[in-house]
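The values are calculated or read from the model by the stated rules, or taken from the named source; none is laboratory data. Remember, predicted model here, so these are calculated numbers, not experimental data. Backbone-built Cβ (ideal geometry, glycine too); neighbour counts: all protein chains shown. Just the protein is used for accessible areas: all its heavy atoms, side chains included, with ligands, DNA and RNA removed. Shrake-Rupley method; radii C 1.70, N 1.55, O 1.52, S 1.80 Å.
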Amino acid sequence: MRRIALVTLVVGDYDEAIRFYTDALGFRLAEDTPRPDGSRWVVVEPGAGEAGTGLVLARAKDEGQRSRIGDQTGGRVGFFLHTDDFARDHARMTAAGVIFLEEPRHEPYGSVAVFQDLYGNRWDLLQPPTA
């Protein structure tokens, strides 16, 4: 079996990113390990015991990396958070202060709404249609 296990997301601050992904999006902190160079290995995952890709929250180290924070995909939706209950997660995320850039819509591929993370990266909250 092969799968993409982790994707790096460049962030401005470890702790604010951890708070956003765990509190606002409901992810779980899978790892937060100090490294000898003063950085940290921080991994968040969508949920406990769920298969999927985790995010490595990597603090920007220089101006080049800082310039990419919030625009890692050129303004396009770059991340897709699947859910089994769109209404529940949309309501919870909205109550937690997540900014949705559009009203929920229903497409042939599922219920969807674009939101942004604390840095401005665009995400889809998506509930695929049931089989």
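The table that follows gives values for the structure above.
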read-out: Mean residue ellipticity (222 nm) of the chain, computed from DSSP H runs ≥ 4 via -39,500 (n - 2.57), nearest 500; value: -3500 deg cm²/dmol
read-out: Degrees, to the nearest 10: 86-95 long Cα axis against longest axis of the chain; value: 50
read-out: Whether the stretch 76-130 is rounded, prolate or oblate, judged on the alpha carbon gyration tensor where a/c under 1.5 counts as rounded; value: oblate
read-out: Lys/Arg +1, Asp/Glu -1 at C-beta; the chain dipole; positive extreme among Gly74, Thr130, Ala96; value: Gly74
read-out: Accessible area of the chain divided out per residue, in Å², using a probe of 1.4 angstrom; value: 59
